[in-house]
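The values are calculated or read from the model by the stated rules, or taken from the named source; none is laboratory data. These numbers were taken from a predicted model, which means no experiment stands behind them. All Cβ positions, even for glycine, are placed from backbone atoms using ideal geometry, and neighbour counts span all protein chains on display.
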Amino acid sequence: MKRGLLSIVVFATLLSGCVVLFTPKYSERGFKMNTDLWEQHYVGRYLCKLPMGSKTTLSASYGLGGVRSTEIEYIEGIKKEDLPSIVMARIAVLRKQRNIKTGDSMFLGKIEFLNNGVGIVQWSSTTSDARKILECYFVAKGGQEYVFKFVHRMLWDEQPDFDASFCRLVGENLYSREPSEAPVGKGFVVDHGFLAVEGHTFLNDHTCIEKSQLDFSLPDFPAIGFELVVYNFAGEPRNLLDQVDPDYVLMNYSDKKVIRRGKHNAGDIPGQEICISGERDGATSFECQWGSSGKSNDLANQKLILEVQVRTHEKEGGYPTQEELLRLWDAIIETIRLRRDAA
């Protein structure tokens, strides 16, 4: 008999006069799907390949440890020459807004950056006199000179140069990039851009946290969405299977089954996965998670998480069978790699 996770062992219990079927708990990975013609996409310092015609949305954030990272936001349709009037209009709005605590306007000052970049210092809210933010507008280097917005929560009122220096680091290392353009050198990709930063610390002792997320749907199954998240961290790494409780996946579904659970590496990247199916309204839904725990303070070994949810009872449209879903799932994971010279 052929050995394998998908094999079915039939054991006849003569004493009871019945046949008991023993099925494996997890589905094995079948033959590999050919991804040679798939398109390459970039997320953070990593890359993956997706079928031609996939729809993608990339977002990325950057910040200092202990403070929520802020998105580096590409402003579509805005040119370098448009920026001065946009900044003036924004300052005019802030001057009109009053801070309830201080009685003064929300506007606190302006900082000039290279290449026409500007930072607007303001109170974080109309009811706060303790927190300030630095709302930055950068013109990225490169041929297109795309404009980006970056809102940084200021840490040190007594050391304003610290926050300005951090934002200056972002602005002076931000380059324009087309979505299909392959980045070169150390750094991580953002939407329409590339932040060319090497280390994970700022001024030697402040950890910088970079996070990127690629949301995508596949042309054959546009109703389901995938999500690939990449970020660095400081602290103890945690394995995926130590964090996911199957009882809390597909809650309120019947006939739940764990169809995958265990080790699943992406090339040289160690990883784990869990895939669960469940029934509702006569349809089978799936939820799959894959993750690599990464290493603390290591930009070449970041935390990676890939997720997909298939809710066949919620939307109209084509849905994959379990076999089709797992084949696509395996193929995508097999393409995830650290970009060459990225870290």
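If the requirement is being buried (at least 18 other Cβ atoms within 10 Å of the Cβ), aliphatic (A, V, I, L, M) and touching a His at 6+ places or on another chain (Cβ under 8 Å), which of these qualifies: Leu214, Leu195, Leu218, Leu228?
Leu214
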Exercise. If you scan region 298-322, which residues turn out to be at pLDDT below 95 and loosely packed, with under 15 Cβ neighbours inside 10 Å?
Worked result: His313, Glu314, Lys315, Glu316, Gly317, Gly318, Thr321
Seminar exercise, completed: Of those in region 126-168 that are modelled with pLDDT of 95 or more and over 19 Å from Ile72 (Cβ atoms), the residue surrounded by the fewest Cβ atoms within 10 Å (Cβ to Cβ) is Thr127
For this session: Please indicate, with yes or no, whether at least one residue in region 254-263 is buried (at least 17 other Cβ atoms within 10 Å of the Cβ) and either touching a helix residue (DSSP H, G or I) at 6+ places or on another chain (Cβ under 6 Å) or not assigned by TED's automatic domain parsing to the domain that holds Leu306 (or both).
Result: no
Exercise. Would you call Pro320 in a loop (DSSP other than H, G, I, E, B), touching a strand residue (DSSP E or B) at 6+ places or on another chain (Cβ under 8 Å), farther than 16 Å from Leu218 by Cα and not acidic (Asp, Glu)?
Worked result: no
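To keep it simple, each residue is scored yes or no on (1) touching a residue at least 24 places away in the same chain (Cβ under 8 Å); (2) outside the structural domain of His206 (by TED's automatic domain parsing); (3) not aliphatic (A, V, I, L, M).
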{"position": "Lys96", "(1), (2), (3)": "no, no, yes"}
{"position": "Ser105", "(1), (2), (3)": "no, no, yes"}
{"position": "Ser128", "(1), (2), (3)": "yes, no, yes"}
{"position": "Val139", "(1), (2), (3)": "yes, no, no"}
{"position": "Arg153", "(1), (2), (3)": "yes, no, yes"}
Exercise. Looking only at region 232-260, which residues are on the phi > 0 side of the Ramachandran plot and not in a loop (DSSP other than H, G, I, E, B)?
Worked result: Asp255
